[in-house]
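Asker: What follows is a structure written as structure tokens; I'll ask about it next.
Computed from the coordinates by the stated procedures, all read-outs in this text should not be read as laboratory data. Source: prediction; values computed, not measured. Note that each Cβ is placed from the backbone with ideal geometry, even for glycine, and that neighbours are counted across all protein chains shown.
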């Protein structure tokens, strides 16, 4: 096994999320294995994301308390795919590249071995989506090439 493969395997993390927000952001602690900062690419992957089928939003990911300030890590758009009043839609996987923001964060302060990550639904004007109903099945920190 190569050192790079071992490093990439070591930083993979999976967190299962059973329930989810009723207009509140999802907050979870992500463990950062040693050597995470040497991985060529790091993504946060959200799996089995269930959202209202008639509501456009973006999924915004931040590190709220890193180095005493909120740090934006990335976002991904979710399109409304069903007519008004229709049921939910499930998105199998949303990946957000967080390589640069995490590297910048680690250079400006000591990130340590874990990081609080906030995932929330926002509208196109970056306001919290009122009465949004959404949930995430699993959140992973995924290394890549």
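Asker: Under 11 Å from a point 7 Å along the Cα-to-Cβ line of residue 116: which residues of the stretch 58-74 have their amide N that close?
Answerer: Once the point is set 7 Å along Cα→Cβ of residue 116, 63-70 turn out to lie under 11 Å by backbone N, inside the stretch 58-74.
Asker: Which of 87, 75 comes first, and how do the rest follow, when ranked by fewest Cβ neighbours within 10 Å?
Answerer: 87, 75
Asker: What are the principal axis extents of the Cα atoms in the stretch 28-127, in Å, biggest first?
Answerer: Largest first, the stretch 28-127 extends 47, 25, 20 Å along its Cα principal axes.
Asker: Between residue 107 and residue 133, how high is the FRET efficiency from 1/(1 + (r/R0)^6) when r is the Cβ-Cβ distance and R₀ = 35 Å? Nearest 0.05.
Answerer: Calculated value: 0.40.
Asker: Based on the Cβ-Cβ distance from residue 124 to residue 69, what FRET efficiency comes out when R0 is 30 Å, to the nearest 0.05?
Answerer: Rounded to the nearest 0.05, the efficiency is 0.80.
Asker: What distance in nm separates the simple spin-label points at residue 58 and residue 79, each placed 7 Å from Cα in the Cβ direction?
Answerer: Each label point lies 7 Å from its Cα, and together they span 1.7 nm.
Asker: To make sure I understand, if each residue's beta carbon is the centre and we count other beta carbons within 10 Å, what order do 97, 110 fall in, fewest to most?
Answerer: If I rank by nearby Cβ atoms, fewest first, I get 110, 97.
Asker: How do 65, 103 rank when sorted from fewest to most other Cβ atoms within 10 Å of their own Cβ?
Answerer: Least to most surrounded, the residues fall as 65, 103.
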